[in-house]
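Some notes on the structure that comes next.
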Amino acid sequence: MLTLTDVKKSFGAHEVIKGISFQVEKGESFGLLGPNGAGKSTLISMICGLIPNGAGEIRVNGKLVGKHLKETKQIIGVVPQDIALYPTMSAMDNLMFWGKMYGLSGKKAKARAKEVLNIVGLTERGKDRIETFSGGMKRRINIGAALMHEPQLLIMDEPTVGIDPQSRNHILETVKSLNEQGLTVIYTSHYMEEVEFLCKRIAILDEGKLIVSGTKKDLNNRLAGGIVLKLTVGTLHPSFIEQVKKLNGVEKVIVQTAEELDVHLQSKMEIVADVILLASQSGVVIHNMQLKEANLETLFLQLTGRSLRE
Amino acid sequence: MKSLVIAVKDAKIHLKDRKAILMMILMPIILTVILGSALKGVMGGGSMSETVLGVYSPESNEMAESIIRALGGDGLAITVERAESEKQLLDWMEEREVHVGLLLPDEWDPDTERAIILPTTGQETTATLIRQMIETFAQMSQAIAHSTTTVMAEAAALSSDGRVDMEAIQQELTTSIEKVMNEQRTYVSEPALEESVSSMQYYAAAMAAMFLLFNAMAGGKSFHQEKRSETLSRLMMTPTSVRSILTGKFIGAFLFAWIQFLIFMGATHFLLKVDWGPSILQVLFITFFYIFSVAGLAMVVAAFTTNEKMADIVGTMGVQVMALLGGSMLPLSLFSEVMRKIAMAMPNSWALTSYTSIMTGTSWSALWLPAGVLLGVGIVSIFICSIRLGRRIA
């Protein structure tokens, strides 16, 4: 469905996409994870043909995006990060307008708009102006507009930013259901739990580079043991950190703040007692201690030394 | 087709915007009423349409009755109300039941006694016109009287020789004088072309020309609004070409301007009784070309500004300057020769002069030049903007 080969993009002297390659198969749900400024939106804009790629090639259904722009645009449905709707127009009118922009006739656009309102669960509000909707409802119509022409590939750029948990769940369930019905989905977010919930394959981007990609299982295998011991202490002593690093079974130690320390373990080992002992020997007071299963956030931290939401 | 969908969407958005409706449709109607009424006295033409003349003549004589008959005759649009007393006439004036009062003294003779003309506030121009009519009538009557006296005296001298039939001459003169006296005359001279419309007509045309210009500002702003709200980016992600989007924006501005003009024209015609002239086709013809140029200017505002605020400032300033120089605020007839030449650079001035010409009756051939100029403005604007905007959004 989508193939990116060594795609690059620069704005002036600043290279924002540094040779990215990946493939998305038909019917797949693919997650693009990365912190703000990682290059996710730029990559999406290039896939959608909004900005030309500097180097490399992007193919949608085997067709080069730059060369067959009209055809590839017809295949893709895009949910932009911002709510790109007309606030003074009704939900129905907005949906019909976007449908017509993809070539739907008036009659077909009307019928499809009713279907889409049903999909996003807003049938009752179809005649209301967008400006009277809550943030979550606007987001749902924003997604609906991308579904009007029944695209084969749905690209969603952080579609749940700034909404309540209820609307977020509704959106995630809707997207999951669409994917189960055969729609190919590319979902970008810096919320790793959303990507974990929706996507079978995930790529993590940072500073314009693809730092890792694979199935959730592949990525979990890359995690250092998969367990993190999170410590909150009074004051961290350098000698304590050094001694913890030397403990048997400790993969990595990351100092989060002056009082917080993440200890990455190779496996669930009984080292808690050793850590407590070391702390008391070094005069470090432990306020809190948590054992956590590693996740994509942990992997990103492992690979870049930074948090996804930084 | 997609351009039309974008155009209809833009027009719908405009029509749902209460502020825009207030600004584009209600405001010009209100300003037409205010300016048209305020400058009624200055502009003249058409101000005789609803004049009620109160007359008091204590002892009627032939001359007084003749002048009253002449003033109240068909074609002058003056309704004469006869007062029973001087007090009654003054009461009528105080209560503004009459526009102008006319007091004719006992045994009025224009040679020896003057008629008193009393205007109510704001009716000074009408009073002046009535005074001129009375003077003209009196002069004509006196001329006939003197001529008759002279002819009769000469004839009497000749009749002593038995060469002239005095009875026949007298009979012939009486018939001629009666005919002249009973002839209806309008003693208003033909006004100059630019002043031949009423103030209400002038300002209806002027406000139409000015407020259609505001479309340029609104059109420019609409483009930036789409950019800010990311709907322009979303449009670009659909299989819609840049040309279709730009054409859609142009037609949208064009469509809204038509709606605005037709509502305004209807409102001024039916509510303010503005006469747009004998040919509605000519009005629509010139409006088509004017709106074409205005829609082009809308694209200029969009192309040469970077955001809504800038479009707002540039648009408002541009409209005001054009309105001022193009005769939408002050009548073009008050402009100096140099200013009239400058006005020719303003598209609203071409539209305004065309409208006023149509109102007084003009030929189709007289409209070709303004239509051509307006078409040229539109084409040049579209050409420049399509290059600049096309590059910017592509």
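Looking at B:314, B:321, B:294 in this structure, which one is among the β-branched types (Val, Ile, Thr) and modelled with pLDDT under 85?
Answer to the selection: B:314.
In this structure, is residue A:116 touching a residue at least 24 places away in the same chain (Cβ under 8 Å), within 27 Å of residue B:222 (Cβ to Cβ) and away from chain B (no Cβ under 14 Å)?
Against the criterion (touching a residue at least 24 places away in the same chain (Cβ under 8 Å), within 27 Å of residue B:222 (Cβ to Cβ) and away from chain B (no Cβ under 14 Å)), residue A:116 qualifies.
Quick one: residue B:205 ticks every box in (1) free of Cβ contacts under 8 Å to residues at least 40 places away in the same chain; (2) crowded, with 22+ Cβ neighbours inside 10 Å bar one, so which box is it?
With respect to (1) free of Cβ contacts under 8 Å to residues at least 40 places away in the same chain; (2) crowded, with 22+ Cβ neighbours inside 10 Å, residue B:205 is out only on (1).
Taking residue A:57 and the conditions (1) within 27 Å of residue A:160 (Cα to Cα); (2) acidic (Asp, Glu); (3) away from chain B (no Cβ under 12 Å), which numbered condition does it fall short on, given that it satisfies the others?
Here residue A:57 clears every test but (1).
Do you know which of the residues in region B:7-19 that are facing chain A (nearest Cβ under 10 Å) and crowded, with 18+ Cβ neighbours inside 10 Å is modelled with the lowest pLDDT?
Residue satisfying both the conditions and the ranking: B:14.
If we keep just the residues of region A:62-83 that are surrounded by fewer than 16 Cβ atoms within 10 Å (Cβ to Cβ) and assigned to a loop (DSSP other than H, G, I, E, B), which is farthest from the other protein chains (Cβ to nearest Cβ)?
In this case the residue turns out to be A:62.
For region B:227-284, which positions are touching a His at 6+ places or on another chain (Cβ under 6 Å) and either of a type in the set (S, T, N, Q) or within 10 Å of chain A (Cβ to nearest Cβ) (or both)?
Of everything in region B:227-284, nothing turns out to be touching a His at 6+ places or on another chain (Cβ under 6 Å) and either of a type in the set (S, T, N, Q) or within 10 Å of chain A (Cβ to nearest Cβ) (or both).
Out of region A:84-113, which residues are more than 8 Å from chain B (Cβ to nearest Cβ), in a loop (DSSP other than H, G, I, E, B) and within 15 Å of residue A:147 (Cα to Cα)?
Scanning region A:84-113 gives a single hit, A:104.
If I filter region B:353-374 for residues that are surrounded by 13 or more Cβ atoms within 10 Å (Cβ to Cβ), more than 22 Å from the chain's Cα centre (by Cα) and assigned to a helix (DSSP H, G or I), do I get at least one hit?
Scanning region B:353-374, I find at least one residue that is surrounded by 13 or more Cβ atoms within 10 Å (Cβ to Cβ), more than 22 Å from the chain's Cα centre (by Cα) and assigned to a helix (DSSP H, G or I), so the answer is yes.
Which of the residues spanning region B:92-128 are among the polar types (S, T, N, Q) and closer than 17 Å to residue B:71 by Cα?
B:123, B:125, B:126, B:128
For residue B:240, only one of the following conditions fails: (1) outside any helix (DSSP H, G or I); (2) over 30 Å from residue B:200 (Cβ atoms); (3) touching a Leu at 6+ places or on another chain (Cβ under 6 Å). What is its number?
(3)
The values are calculated or read from the model by the stated rules, or taken from the named source; none is laboratory data. Bear in mind that the values here come from a model prediction, so they are computed numbers and not experimental data. Note that each Cβ is placed from the backbone with ideal geometry, even for glycine, and that neighbours are counted across all protein chains shown.
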